[in-house]
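Enquirer: So that we are looking at the same thing, I have put the structure below in structure tokens.
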Amino acid sequence: MNLSGLPEPERLIARIDHLEENSRFIQNALEMALSLGDFQKNINESHGPNRVLQEAENRIRKLISFEICAMCLVNEDNADMEISLCEPCDRKDYIQDEIAFMTENGFFAWALHEKRGIFVKSKDQKKDFFLHVMATCSRIRGMFIGLLPNEKQRIPDASLSLLSLILLNTANAIESLESYNLVVEQNSILEAEVEARTRELINYEKRLQRARKMEAIGTLAGGVAHDLNNILSGLVSYPELLLMDIPENSPLRKPLLTIKKSGEKAASIVQDLLTLARRGVGNREVVNLNRIIDEYLKSLEFEKLQVYHPGIRIKTDLDENLLPVSASPVHLSKTIMNLISNAAEAIPGKGEILISTRNTYIDTPIKGYDHVNEGDYVTLKVSDNGTGISPEDMERIFEPFYTKKVMGRSGTGLGMAVVWGTVKDHNGYIDVQSVPGRGT
């Protein structure tokens, strides 16, 4: 400022005014610099880049009175600059047109290359724009576009330096926000994986416990089966021989029949234990599951079941083109018997049991199994409208000797365990769905 031509009093007043103006600017600059400290805190607490840009725009307007403030961010998909903020918002189309002009004439490229603020003329050459790249040390995040007021206004270098600092903070905040969101997303994925893995481990533990129970029973069955079969062969065969020699009206006939039936029941239990030990499925043949179902429904065992449950109606829906399977007819028949018996026991009065068969191609996982061999299967479905199974009991229905049935009428609690063992031996899968009060 040249004051040499002024008288001493006026020169002194002018110098005082100049110093006061500088003092006010320095004070404003210091306040703005101090406000940058909480700027990073505020934008880090936001949930998106729009809040970051809004915070930055508020501070820029306190520093420099731009007519229009606009900020573009880099689109990560196509690397184009897109307007993310424009104040006032009704000037967005105007700014968009000016940006196209600046891009076409290389002003944007110039600003990106300089990595500092530059002044350029508007499309009609009547106004001035200020461009400044928003970038971190590692990458370009966007561009600031400010339209200067019509009146010529000198922007102090200190204000431009503070503006550069604000835009640097803005770029860093956007990058930090993306990193934070990425960490949150990855953390959510990790938590979901940990939760899924925990459930898997719990399921593995349950299966391991069940496998150990089955193994213990298998060891027991294997150790005593030979001796028991020798004993039971006498209990079954000798009464048969004696019955052939005594007359029909002999008082000994009834006790002998009782002994024979008891031996047959004991032999059946031993066979169940052998099935649990996975040693009972030896003789296989090609069979049709529909035929085994029909034979069971005509058997004495089924007639006995109907006597105990007269209010139950049996319906069948059997696929006429059912594929044949390689299986043990005896074990499949026992499986059908156990499933139907369980369904009947679950119906307190009148009800219905539906037996259906289908050809099924399986290529997706089944509940309770980690791996399923893809291919063609025959599906047997037994459903009832009884009392259903509680979630607590659902966890234990395949455990040996676990039963809620009437003791003495429906066996020893090995039925569903035998079903599980038979399905396992036939390389099949079993799924249970139940709603308490509606059926299984």
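The values are calculated or read from the model by the stated rules, or taken from the named source; none is laboratory data. Keep in mind it's a predicted model, so treat the numbers as computed, not measured. Glycine gets a Cβ as well: all are built from the backbone with ideal geometry, and neighbour counts include every protein chain shown.
Enquirer: Report whether or not R291 is of a type outside the set (G, A, S), surrounded by fewer than 16 Cβ atoms within 10 Å (Cβ to Cβ) and touching a strand residue (DSSP E or B) at 6+ places or on another chain (Cβ under 6 Å).
Expert: Values: of a type outside the set (G, A, S): yes; surrounded by fewer than 16 Cβ atoms within 10 Å (Cβ to Cβ): yes; touching a strand residue (DSSP E or B) at 6+ places or on another chain (Cβ under 6 Å): no.
No: the conditions fail for R291.
Enquirer: Now, a different point. So which residues in region 371-389 are in contact (Cβ under 8 Å) with a residue 40 or more places away in the chain and loosely packed, with under 12 Cβ neighbours inside 10 Å, if there are any at all? So that I can check it myself, show each step before the final result.
Expert: Within region 371-389, the first condition is being in contact (Cβ under 8 Å) with a residue 40 or more places away in the chain, and the residues that meet it are 372-373, 376-378, 380, 382-389.
N373, D376 - these are the residues of region 371-389 that are in contact (Cβ under 8 Å) with a residue 40 or more places away in the chain and loosely packed, with under 12 Cβ neighbours inside 10 Å.
Enquirer: Among the residues of region 325-355, how many are part of a loop (DSSP other than H, G, I, E, B) and surrounded by 13 or more Cβ atoms within 10 Å (Cβ to Cβ)? Can you show your working first?
Expert: Within region 325-355, the subset part of a loop (DSSP other than H, G, I, E, B) is 328, 346-350.
Okay, now just the ones that are also surrounded by 13 or more Cβ atoms within 10 Å (Cβ to Cβ), so 328, 346-347.
Here the count works out to 3.
Enquirer: On to the next question. Of a type in the set (G, A, S), buried (at least 17 other Cβ atoms within 10 Å of the Cβ) and out of contact with any Cys (no Cβ under 8 Å at 6 or more places or on another chain): is that true of S188 in this structure? Show your work before the answer.
Expert: Details: of a type in the set (G, A, S): yes; buried (at least 17 other Cβ atoms within 10 Å of the Cβ): no; out of contact with any Cys (no Cβ under 8 Å at 6 or more places or on another chain): yes.
Taking the combined requirement at face value, the residue does not satisfy it.
Enquirer: So which strands (runs of 3 or more DSSP E) are wholly in region 81-140 and hold at least 1 residues that are touching a Gly at 6+ places or on another chain (Cβ under 6 Å)?
Expert: Numbers: elements: 81-87, 118-121, 128-135.
Hits in region 81-140: 128-135.
Enquirer: Search region 193-216 for residues being acidic (D, E) and surrounded by 11 or more Cβ atoms within 10 Å (Cβ to Cβ), and hand back the single one that is farthest from the chain's Cα centre (by Cα). Spell out how you get there, then give the answer.
Expert: Residues of region 193-216 that are acidic (D, E), as a first pass: 193, 195, 200, 205, 215.
Retained after the next criterion (residues that are surrounded by 11 or more Cβ atoms within 10 Å (Cβ to Cβ)): 200, 215.
Values: E200: 12, E215: 33 Å.
So the residue we want is E215.
Enquirer: Please count how many residues of region 352-373 are at pLDDT 90 or above and either among the hydrophobic types (A, V, I, L, M, F, W, C) or farther than 27 Å from N321 by Cβ (or both).
Expert: 3
Enquirer: Do the conditions hold for V133, that is, is it of a type in the set (V, I, T) and under 45 Å from the mean Cα position of the chain (by Cα)?
Expert: Values: of a type in the set (V, I, T): yes; under 45 Å from the mean Cα position of the chain (by Cα): yes.
Taking the combined requirement at face value, the residue satisfies it.
Enquirer: Just to be sure, is M71 modelled with pLDDT of 85 or more and under 44 Å from the mean Cα position of the chain (by Cα)? Let's see the steps before the verdict.
Expert: Values: modelled with pLDDT of 85 or more: yes; under 44 Å from the mean Cα position of the chain (by Cα): yes.
In short, yes.
Enquirer: Name the pairs: first residue in region 228-257 and closer than 25 Å to V270 by Cβ, second residue modelled with pLDDT of 85 or more and not in a helix (DSSP H, G or I), Cβ to Cβ under 8 Å, at least 6 apart or on different chains?
Expert: Cβ pairs passing all conditions: L242/L252; L256/I246.
Enquirer: Which one of these does G311 not meet: (1) surrounded by 15 or more Cβ atoms within 10 Å (Cβ to Cβ); (2) within 17 Å of S383 (Cα to Cα)?
Expert: Status for G311: all satisfied but (1).
Enquirer: Report yes if Y369 is aromatic (F, W, Y) and touching a Gly at 6+ places or on another chain (Cβ under 7 Å), otherwise no. I'd like the intermediate steps shown before the answer.
Expert: Details: aromatic (F, W, Y): yes; touching a Gly at 6+ places or on another chain (Cβ under 7 Å): no.
For Y369, the condition - aromatic (F, W, Y) and touching a Gly at 6+ places or on another chain (Cβ under 7 Å) - is not met.
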